[in-house]
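This report refers to the structure that appears directly beneath it.
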């Protein structure tokens, strides 16, 4: 049986070393196609249930309004300033820890040419996109 003091010292050392949480890890293309939006954070750090959809095929993505609109801070990352959209589409690929979004469109209007969003895993089935205003997906469920 492990002495409780040894366990407490081990946990304290992990916290002091900054390892109290899982370290971010790389995301594979297969993870992306299986992702389902679980919740997201706005720039004011408020947590929101998924009131819109963001889905991925092997090479394309689609973001659609649902019970709520596409979040303004996400639209601002993908479209020109002041734009609004009920649906945004485009192509995606992974590149050096980023989710590269290209061919971005809102209907017949072109969006930004190329947008790179940080993407990383914080658990085997949890993928986060952007930072600090994160979109949190379940993967492989």
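The values are calculated or read from the model by the stated rules, or taken from the named source; none is laboratory data. Note that the structure is predicted; figures quoted are calculated from it, not measured. FYI the Cβ positions are ideal-geometry reconstructions off the backbone, even for glycines, and counts take in every protein chain you see.
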Checking the structure you have, find out if any residue of the range 53-60 is without any contact (Cβ under 8 Å) to a residue 12 or more places away in the chain and over 13 Å from the mean Cα position of the chain (by Cα).
no
Residue among 74, 94, 37 that alone is in contact with a helix residue (DSSP H, G or I) (Cβ under 7 Å, 6 or more places away or on another chain), in contact (Cβ under 8 Å) with a residue 40 or more places away in the chain and outside any loop (DSSP other than H, G, I, E, B)
94
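Of all residues being assigned to a loop (DSSP other than H, G, I, E, B) and within 23 Å of residue 46 (Cα to Cα) in the range 97-141, which is modelled with the highest pLDDT? Just the residue, please.
By that ranking, first place goes to 134.
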Some residue of the range 85-93 being within 24 Å of residue 24 (Cβ to Cβ) and crowded, with 17+ Cβ neighbours inside 10 Å
yes
Residue 56 is checked against (1) at pLDDT 95 or above; (2) closer than 19 Å to residue 23 by Cβ and fails just one. What number does that condition carry?
(2)
